[in-house]
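Engineer: First, the structure itself, so that you have it in front of you.
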Amino acid sequence: MIVIPRETPVVSNLHTSYIKIRRFVDHFRTTLPSGCIYMRAPESEGAIFFDHGMLINAHVCDHGKPLSRQVALTAFLQTADAARHIVSVYEIPSETICYWANLNEAALIHKNLTSSTVDLEALMRKIIQDRFTGLIEVLNPQGRADQIHVIMGEITGAVLGKTSGILRDPNQELGQIMANAKNGRTRIAIKRVQLENHRLTHESLRDMEPSPGEAKIPLENQNPIEMLEVLLGVIEQTYGVLKVQTDPFDTVLKRKFLEKVSRYEFLDPFTEEFSYQGGTITYTGADDIQHLVTAVTECLRELALERALGIELQRNLKNWRQQYQLEIELFKVVI
């Protein structure tokens, strides 16, 4: 079971059949400050953690078999290429990324404690006072494990065993976990997590670079504007067929652009440097085309997530991905 913060994903529920996983990993480790790429299927799950461009850890659990670090990174990439999994990306603050990256390697320091041998409330006070970093597991008779996560003496999250690893607000769940711990047959374990950065080598990602003798595709020979126009058209069409949408696509698109003006000034509709009307893009800004592609696709990715376009959009984008495969790879587009 892989536990990570999952508040608002950057990208949610992409099928691995739609992406090239190595390029996908490389894109997010270099565009987000720190975070996690999480992959799941009915019988397996895996995660790759990154911080400031470095891959710092990986975990894979396949049919109950756990793998970590370099071996897990290779297994993650091979599994994603060979099977149909669902992938999501989460941004995790740099100050806590080491905890979540190393959680699956936590060292057991106490086990088989019970409510008759330890007062969990008193234990929690001691842990907070000592600025402990790790987790307390409450192993219930039904075989479920509740968890309390603590980083430098601060309770940062809780997991109820019935939620299969979903991290929750400790203020809402702590009372229930404390009550569960008072069962005489409940066991308590304490595990310490080391806040250290590993560094995984990128051997598995080398095939992302052109092989010897393979020429890079010149930027000027591609059609990034046309690619964006078709992409916008597909998203607009998908948005339009969903009956639950209340605002016109043009309105929600401009609203999303306005949210990003502090980072991408050319998206400000009042400057008229960028416009999309009647399926055509007009761009007169001074920023390079890569910056434009990054800005527009970031907006569209968030819009698709917020408006729950989901699997229907991914299905509609199949022809677009085939037609603009070179541009998608060259400009590192992720939708």
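The values are calculated or read from the model by the stated rules, or taken from the named source; none is laboratory data. The model shown is predicted, which means the values in this text are computed figures rather than measured ones. Note that each Cβ is placed from the backbone with ideal geometry, even for glycine, and that neighbours are counted across all protein chains shown.
Engineer: When the stretch 38-87 is examined, which residues are found to be closer than 18 Å to residue 18 by Cα, buried (at least 18 other Cβ atoms within 10 Å of the Cβ) and polar (S, T, N, Q)?
Structural biologist: 79
Engineer: If residue 148 passes every condition in (1) closer than 29 Å to residue 43 by Cβ; (2) in a helix (DSSP H, G or I); (3) without any contact (Cβ under 8 Å) to a residue 40 or more places away in the chain; (4) not charged (D, E, K, R) but one, which one does it miss?
Structural biologist: (2)
Engineer: Can you give me the number of residues within the stretch 318-333 that are crowded, with 19+ Cβ neighbours inside 10 Å and not aromatic (Phe, Trp, Tyr)?
Structural biologist: Total satisfying the criteria: 4.
Engineer: Please work out which one of (1) out of contact with any Leu (no Cβ under 9 Å at 6 or more places or on another chain); (2) over 25 Å from residue 21 (Cβ atoms); (3) at pLDDT 80 or above; (4) not hydroxyl-bearing (Ser, Thr, Tyr) is the condition residue 148 fails and give its number.
Structural biologist: (1)
Engineer: Still on this model: Provide a single number: the residues in the stretch 79-108 that are among the aromatic types (Phe, Trp, Tyr) and in contact with a Pro (Cβ under 8 Å, 6 or more places away or on another chain).
Structural biologist: The total comes to 2.
Engineer: Is there a residue being surrounded by fewer than 16 Cβ atoms within 10 Å (Cβ to Cβ) and assigned to a helix (DSSP H, G or I) anywhere in the stretch 267-288?
Structural biologist: No, every residue in the stretch 267-288 fails to be surrounded by fewer than 16 Cβ atoms within 10 Å (Cβ to Cβ) and assigned to a helix (DSSP H, G or I).
Engineer: What about residue 114, is it surrounded by fewer than 21 Cβ atoms within 10 Å (Cβ to Cβ), modelled with pLDDT under 85, in contact with a strand residue (DSSP E or B) (Cβ under 8 Å, 6 or more places away or on another chain) and not aromatic (Phe, Trp, Tyr)?
Structural biologist: yes
Engineer: When the stretch 192-232 is examined, which residues are found to be at pLDDT 90 or above and out of contact with any helix residue (DSSP H, G or I) (no Cβ under 9 Å at 6 or more places or on another chain)?
Structural biologist: Of everything in the stretch 192-232, those that are at pLDDT 90 or above and out of contact with any helix residue (DSSP H, G or I) (no Cβ under 9 Å at 6 or more places or on another chain) turn out to be 192, 229.
Engineer: Let me ask something additional. If we scan the stretch 248-256, do we find a residue that is touching a strand residue (DSSP E or B) at 6+ places or on another chain (Cβ under 8 Å), part of a helix (DSSP H, G or I), at pLDDT 85 or above and among the aromatic types (Phe, Trp, Tyr)?
Structural biologist: No.
Engineer: Go through the stretch 133-167 residue by residue and tally those that are among the hydrophobic types (A, V, I, L, M, F, W, C), over 16 Å from residue 188 (Cα atoms) and buried (at least 19 other Cβ atoms within 10 Å of the Cβ).
Structural biologist: Residues that pass the stated criteria total 2.
Engineer: Right, here's the next one. What pairs come up if the first residue lies in the stretch 45-59 and is within 21 Å of residue 13 (Cα to Cα), the second is among the aromatic types (Phe, Trp, Tyr), and their beta carbons are under 6 Å apart, counting only those six or more places apart or on different chains?
Structural biologist: 46/76; 47/38; 48/76; 58/76
Engineer: Next question. Contact list please: Cβ distance under 7 Å, first residue in the stretch 161-175 and within 23 Å of residue 128 (Cα to Cα), second residue part of a helix (DSSP H, G or I) and not small (Gly, Ala, Ser), pairs at least six apart or on different chains.
Structural biologist: Sorted first by the residue in the stretch 161-175, then by its partner, the list stays empty.
Engineer: Can you give me the number of residues within the stretch 117-141 that are part of a strand (DSSP E or B) and modelled with pLDDT of 85 or more?
Structural biologist: Going through the stretch 117-141 one residue at a time, the tally reaches 5.
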